[in-house]
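To keep things clear, I will list the structure first and then write my remarks on it.
Throughout, read-outs are computed from the coordinates displayed, never taken from laboratory work. Please read all numbers here as calculations on a predicted model, not as lab measurements. With ideal geometry, Cβ positions are generated from the backbone for all residues, glycine too; neighbour counts draw on all protein chains shown.
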Amino acid sequence: MVKACVLKCKEYIIIDPIDPNNQNLIKMFEIRHLGHPLATIPLSEVKDYCKNIENELFASVY
Ligand SMILES: [Zn+2]
């Protein structure tokens with residue numbers, strides 16, 4: 001599953017419940033897209049037209 005800003009920004013990050021760093025990235029994703037409608041949906045529904053911004057978020061933290 002991914003957390004995605006499908007309607008506005010067309011960006012997503014993959015949800016990994018086991019990875020503690022992932023929790024932080026998801027929080028940052030939510031802050032970045034504050035007020036935007038976010039969806040938790042399968043990767044297959046977004047990968048063709050949304051951009052994975054995990055690396056971008058990760059780079060801004062570490
Ligand atoms: Zn957004």
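Some values worked out for this structure:
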read-out	value
Rough spin-label spacing in nm, given labels placed 7 Å along Cα→Cβ, for Glu45 and Ile14	1.9 nm
Reciprocal mean inverse distance between Cα atoms of the chain - Kirkwood radius, Å	11.5 Å
Residue order, fewest to most beta carbons within 10 Å, for Leu7, Leu34	Leu34, Leu7
Amide H contacts of Val2 (H built 1.01 Å from N, under 5 Å, at least 5 apart or other chain)	Ile15, Ile41, Leu43
Loop trypsin sites (Lys or Arg not before Pro), region 13-59, which have at most 15 other Cβ atoms in a 10 Å radius of their Cβ (DSSP)	Lys47
